[in-house]
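Report on the following structure.
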Amino acid sequence: MSGIEFRRKKTRTVDLNITPLVDVLFLLLIFFTLTSTFKRAGELDLELPESTTAGPGASGPSQESLGLVLTEQGTLLVDGAPTTFEALPARLRAMRERQPARQVLIEAEKAVDHGQVVRLLDAVRTAGFTGVGIGVRATEPESRKTR
């Protein structure tokens, strides 16, 4: 035997620590959840009736108003959450108890049956709300258009 000894290379064990990766993924998840925008009922493409005498509040609901949206297909939304006519009175009473000074804005599409809007108004009055508005799309009066 020869007197030559070969050194064995030390093999390093590779550890993959995924804890920082998971931390970054959770931070990204939180970031995108908080910064994403959700479509609210006020952003629906409603075909509201036109009004030439609409006041300054006609551009959209104020922050204190409770939004009731009724679409032509019969979808009913209370503050963006879907509901039914049967469950509406109980939900409105609960909201009235939590925030008694809150105003109500009813936005019904132009093609919605008049009886359905009256049904909404009855439910709002029965719940005890006194301030009720009807959402419309403001247009210019005919006299201003001809000038």
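Bear in mind these aren't lab numbers, they're just calculated from the coordinates by the rules spelled out. From a predicted model like this one, the values you see are computed outputs, not experimental measurements. Virtual Cβ from ideal backbone geometry, glycine too; neighbours counted across all protein chains shown.
Miscellaneous remarks
- Other-chain or far-sequence residues with amide H under 5 Å of E72's (modelled H): E109
- Burial ranking of peptide ranges 133-140, 14-21 (average Cβ count within 10 Å, highest at the top): 133-140, 14-21
- Between A87 and L16, the C-beta separation translates, for a Förster distance of 35 Å, into a calculated FRET efficiency of about 0.10.
- Loop GluC sites (Glu not before Pro), region 77-147 (other Cβ atoms within 10 Å of the site Cβ: 10 or fewer; DSSP): E86
- Applying 1/(1 + (r/R0)^6) with R0 = 25 Å to the Cβ-Cβ distance of T33 and R102 gives a FRET efficiency near 0.35.
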